[in-house]
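Colleague: Next up is a structure, given as structure tokens.
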Amino acid sequence: MTRLLKLFNIKPGENVPVFILFTYFFFFGAMITTGKTARNTYFLNHFDTSYLPLMFMGVAGAVTLTAVIYTRLSKRMGLIPLTSVSGIFFALTLILLQFRLEGRFIPVLYVTIDVIVTVMSIQFWILAGGVFNSRQAKRLFGLILSASPIASIMIGSGIPPFVSQFGTRYLLICSAVFILCCVFMAQLAKPYFSQAATAQRSPERQSKRPSFLDGYMKTIAVATGSSAIVIVIVEYQFLIISSRSFPSESELAGFFGLFYAITGVISLFIQVFLTGWILTKFGILPGMLVLPTGLSIGSVAILFSPLLASALIARTSDQVTKFTINKTSVELLWLPVAPERKQGAKLFIDGTIKTGLEGLVGVMIFVSLKFLNTQDATLMPILSIVSLSAGAIWIMTTFRLKKGYVSQLMSALEKRRLDFGQGGYSRSLDTTDRDIISTIERILNSDNEAQQISALQLIENLSVTPWRKTLNRLFKESSPFVQEKILSMADESPEIIPDEELLAIIDAQGTLATKALVIAGKRHLAEAIPAMTNCLENPESHPSDIRAAAATAILLIDDGPQALAQSTLEKMLTDGDEASNIIALNMLVDVPSMLDDAKLSTFLQSDSIKIRDTALQVAEKRKSLKLIPAIASSLKSPQTAGQARRVMKSYPKDEAVSVLTEMLGEPEIAPSLKLEVIRSL
């Protein structure tokens, strides 16, 4: 079991929620497979197929209406209760429809399936976003997403024998059972779900007007709209050609089941092996081009030969890439957009524009068939031409989007407003994304020092390997301010600043020597011990910060004059001089053996604001629960109250709340401190 967890990069405490969400998404994929197989089979075999285009309009209208109702209900109910209520309602609806599948109830089923898929998809992603944070999502969502194609493979391949044995009528019962299984899994996920985590991601108001779309988002809207036109036409052609090729109800249901199974296998392969590799190796542009290119090839095939094989080319391209590489690429487009603008714009583009155009295409096809008396033989090539035209717009817009993405990304990086926590497939800054790497590279190579510092701050906690050559050059050529920032990032990165350069900085005894000495200690550079020893043995020739750094480095290396290093730091820590105390405190962050929790607590309650401020910085890095009462005591001073609250936020919430609650219960607590405690709570 341990090996399996390591294989999938699942960390301690994540295995249970991962299993729950994986199983949840498996049942969701199973519901889609059986539900869409049933609705397509019933409609194409028992209803006038000329009304199929109206189903696209019906789906658009029903989804829009459902979104309005669902939004109102979500304000009154929590996610888990709403998931349970809606799931039970959907399951009962499918069971009731199963016994009335004739006449007008067949198109009702067609629309209902899409409404169920839309609502359950939203619920799953909100739940997943509340269970895992953005960094966990980056590691785990790929595994969880693979559950759907696995369900398509298993359930889809089982549909042909199931239908031959029991007929198609029980497929909806299976769908209802899968929905109830999803409800059960949502209940199991409840203990791991943080309502607050999702609440802060959802703005209370969404703009309903398109006026908030800038040029970049308008380009996204054009790409989304043109893709909606192509996908609707391809789906219509596929369904019509399939119904002609398999006139028998059981044969048609078996074909759809086999189709979903095969496309599930391909989707799983793409998701696991190709999506990450393509985006890492070639960037976002190829990822966005895969789907429109495949659909265009299929449309060309249908134009010249409207047979099942041609329709399969187009529909398979849609089925296997839409929710794998294309979905990932499209979500990346929203990465540079400011959070306050993203939600409303995304809702308008993916909702109003996309569903509206899908419905419009459906109406146009229906009018052509019913009122213009266009024959199928004539309509098919016309639709292919329309699809190819929309596909051409889609592809051309994709090239514009690539340029806009890089431009927006660079602007977002410069202004430090990237949103890494939004959405179901949320991402942290990816140091394997070629476009992100090149954008940061351009900022680092600019002549604007403020932008350089901004980029350095952005990548300081990430792997800086992609920019090692640029950082090394900057360190040699830039101002001391930039050099100091790069040096602070080079603790464990000799490829940025090699050991020999570090030793040269120490020998020069310049402004960067203090940091260089500590880094040399962390790297265990024994070659630097003579210079460090010299600093300690000749205190009159070296300032206190250099001596403190040299002593810290010797203790980190665990070699050289250990006793002298300890006595030097101990003296600076206890001699009563504020400046010396602060220097020693800063250095002893990396040597907790000389600054235990009891000593640090004393400094946290010092009369000196500067010492308390420095001690709070050390406590934030130390993360010792024993320090929480002393940290809370800093709330009494207005100068340190803000930082004390920030430091406590980095500690376990339950522990911090417990300490603050106890403070409120103390009878002698000052009114001003009581107010700060309440504010902190």
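The values are calculated or read from the model by the stated rules, or taken from the named source; none is laboratory data. Everything numeric here is computed off the predicted structure, so don't read it as measured data. Here the Cβ positions follow ideal geometry from the backbone for every residue, glycine too, while neighbour counts run over all protein chains shown. Heads up: the accessible areas ignore ligands, DNA and RNA and are worked out on the full protein's heavy atoms, side chains in. Shrake-Rupley method; radii C 1.70, N 1.55, O 1.52, S 1.80 Å.
Colleague: Of all the residues that make up segment 519-565, how many are farther than 16 Å from Asp491 by Cα, part of a helix (DSSP H, G or I) and open to solvent by 40 Å² or more (accessible area, probe 1.4 Å)?
Modeller: 12
Colleague: Another one. So which helices (runs of 4 or more DSSP H) are wholly in segment 172-273 and hold at least 1 residues that are crowded, with 20+ Cβ neighbours inside 10 Å, at pLDDT 90 or above and touching a Gly at 6+ places or on another chain (Cβ under 8 Å)?
Modeller: Once the helices (runs of 4 or more DSSP H) in segment 172-273 are filtered for at least 1 residues that are crowded, with 20+ Cβ neighbours inside 10 Å, at pLDDT 90 or above and touching a Gly at 6+ places or on another chain (Cβ under 8 Å), what remains is 215-245, 249-269.
Colleague: Now for a different question. Among the listed residues Leu635, Leu681, identify the single one that is farther than 21 Å from Met587 by Cβ and open to solvent by 50 Å² or more (accessible area, probe 1.4 Å). It would help to see each step written out before you state the result.
Modeller: Values: Leu635 fails: open to solvent by 50 Å² or more (accessible area, probe 1.4 Å).
Criteria check complete, one pass: Leu681.
Colleague: Something else: If I ask for residues that are open to solvent by 30 Å² or more (accessible area, probe 1.4 Å) and in contact with an Asp or Glu (Cβ under 8 Å, 6 or more places away or on another chain), which ones from segment 502-516 would you list?
Modeller: Leu503, Thr511, Lys515
Colleague: Now for a different question. Determine which single condition Gln617 fails, assuming it passes every other condition in (1) within 43 Å of the chain's Cα centre (by Cα); (2) within 20 Å of Ala550 (Cβ to Cβ).
Modeller: Only one criterion is unmet by Gln617, namely (2).
Colleague: Keeping to segment 38-52, report how many residues are surrounded by fewer than 16 Cβ atoms within 10 Å (Cβ to Cβ) and in contact (Cβ under 8 Å) with a residue 12 or more places away in the chain.
Modeller: Number of matching residues: 2.
Colleague: Something else now. Looking only at residues that are open to solvent by less than 50 Å² (accessible area, probe 1.4 Å) and among the β-branched types (Val, Ile, Thr) in segment 643-661, which one is nearest to Ile611 (Cα to Cα)?
Modeller: The qualifying residue nearest to Ile611 (Cα to Cα) is Val647.
Colleague: Here is a list of conditions, (1) more than 23 Å from Ala392 (Cβ to Cβ); (2) in a helix (DSSP H, G or I); (3) open to solvent by less than 40 Å² (accessible area, probe 1.4 Å), and Pro336 meets all of them except one; can you say which number that is?
Modeller: For Pro336, the exception is condition (2).
Colleague: Within segment 57-79, is even one residue open to solvent by 60 Å² or more (accessible area, probe 1.4 Å) and in contact (Cβ under 8 Å) with a residue 40 or more places away in the chain?
Modeller: Scanning segment 57-79 turns up at least one residue that is open to solvent by 60 Å² or more (accessible area, probe 1.4 Å) and in contact (Cβ under 8 Å) with a residue 40 or more places away in the chain.
Colleague: Exactly one of (1) without any contact (Cβ under 8 Å) to a residue 12 or more places away in the chain; (2) in a helix (DSSP H, G or I) is unmet by Asp607. Its number?
Modeller: Condition (2) is where Asp607 drops out.
Colleague: Would you be able to tell me the number of residues in segment 590-610 that are surrounded by fewer than 22 Cβ atoms within 10 Å (Cβ to Cβ) and over 16 Å from Glu570 (Cβ atoms)?
Modeller: Going through segment 590-610 one residue at a time, the tally reaches 8.
Colleague: Could you list, in sequence order, all residues of segment 325-369 that are at pLDDT 85 or above and out of contact with any helix residue (DSSP H, G or I) (no Cβ under 8 Å at 6 or more places or on another chain)?
Modeller: Val367
Colleague: With within 25 Å of Phe255 (Cα to Cα) and open to solvent by 20 Å² or more (accessible area, probe 1.4 Å) as the only criterion, which of Thr112, Thr33 stands out?
Modeller: Working: Thr33 fails: open to solvent by 20 Å² or more (accessible area, probe 1.4 Å).
The unique qualifying residue is Thr112.
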